[in-house]
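Worksheet: one structure, shown below.
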Amino acid sequence: MSKQKFTIKEISSKSILQKSGLPDVDWVINPYGGCRFGCKYCYAAFVGKFRHPDEEWGNYVDIKTNAPELLKAELTKKLKKSSDIGTIFLSSVTDPYQGLEAKYQLTKKCLQVLLDFNYQGKVSILTKSTLVTRDIQLFKQFHNIEVGLTITSTGDPIAEYLETYAAPHQSRLTALAELSQAGISTYTFVGPLLPHFVWQEGQMKKLLQAIKAAGAKYVYVEHLNLTPTIKKRLFEFLEKDHPELLEKFTQSTQPEYRDKLDKIIHQLLKELQLPLAHEQVLYHRNLKKS
């Protein structure tokens, strides 16, 4: 894959509060298009192909400059009959606290809009960024909020390679602990389960122990999502930089692999008394909104 210059574009979006097909989520807010973290396994990489057909995921970010104003207008319509329209999630196809949030503060402004409306429904946040701790005082003002950190390993070199520009895993654990200690309800998303890491049962236990120690109330765990588009992109990277991993990542597509891994995860979480969301390891192709 050819290297391309990182581009930032300020745009006006037509809508910001979108219906969700994800379990546990009714609405999503994506203040940015694209994601600078550029994780090589990211399921959202396909999203930008319409607006950025010739650019690599991670090499561009669209700044939805009118996001707070749009959210205000859309909530004005949707909250006429109720102050609770369900769970609002930030974010599904971008990271709401990627580095550009420090400058543009669109996530923070959208959260302030929700507070201004005295939103009574649940607000859920998921990020790989330590910048999330900036808004602890804002989180404390919500009626019902939870903040999650995605943490996929104990920080081995391959995981760092795959999560190109995301914060180090230990930094994410530190941020998780800071949020928990501040009284914010926290969770962790261990996903995707990275095939080079998962059979290291000792390391997996170490990761889950660290997550529990950091105060996470529960965890989501998800198998690697290798749709044809994602697989093509990921395997191009692996063929170039880590061909020795291709067999392990190929194995992750097999049902037998997922079944064996499910048993390991369930046993570890039972030992640690750490609740698992939905009581199952998620598989993207089976995800359906209930």
Legend entry - Binned Cα-Cα distance frequencies in the stretch 1-119 - 5 Å width, integer %: 2, 11, 21, 23, 19, 12, 7, 3, 1, 0, 0
Legend entry - Label zone at E55, where the point sits 7 Å out along the Cα-to-Cβ direction: the stretch 69-94 residues whose backbone N lies under 15 Å: 94
Inset, instruction - Sort out for me the Cα centre separation of the stretch 219-274 from the stretch 35-63, rounded to whole Å. - result: 21 Å
Inset, instruction - Pop a pseudo-label 7 angstrom from the Cα along the beta-carbon direction at both F46 and N66 and give the gap in nm to one decimal. - result: 2.9 nm
Inset, instruction - Assuming R0 = 45 Å, can you tell me the calculated FRET efficiency for the pair F117 and D156, based on Cβ-Cβ distance, to the nearest 0.05? - result: 0.55
Legend entry - Nitroxide proxy distance, nm - points 7 Å out along Cα→Cβ at D24 and K217: 1.1 nm
Inset, instruction - Pairs to check: K109/K212; K19/K108; K19/K248; K77/K128; K109/K205. Give those whose C-alpha atoms are more than 26 Å from each other in this structure. - result: K109/K212; K19/K248; K77/K128; K109/K205
Inset, instruction - Calculate, axis by axis, the spread of Cα positions in the stretch 101-204 along the three principal axes, and write the results as whole Å, longest axis first. - result: 47, 27, 20
Legend entry - the chain, helix-only ellipticity at 222 nm - DSSP H runs n ≥ 4, -39,500 (n - 2.57), divided by all residues, nearest 500: -10500 deg cm²/dmol
Inset, instruction - Would you kindly state how much longer the chain becomes between A182 and F237 on full extension, computed as 0.36 nm times their sequence separation minus their alpha carbon distance, in nm to one decimal? - result: 15.9 nm
Legend entry - Dipole of the chain, positive end: most advanced residue of F249, A214, S91 [Cβ charges, Cα centre]: S91
Legend entry - Anisotropy class of the chain from Cα gyration tensor, a/c 1.5 cut: oblate
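Only the coordinates and a few stated rules stand behind these numbers; no lab work does. Please read these numbers as outputs of a predicted model, since none were measured by experiment. Cβ: placed from backbone, ideal geometry, glycine included. Neighbour counts: every protein chain shown.
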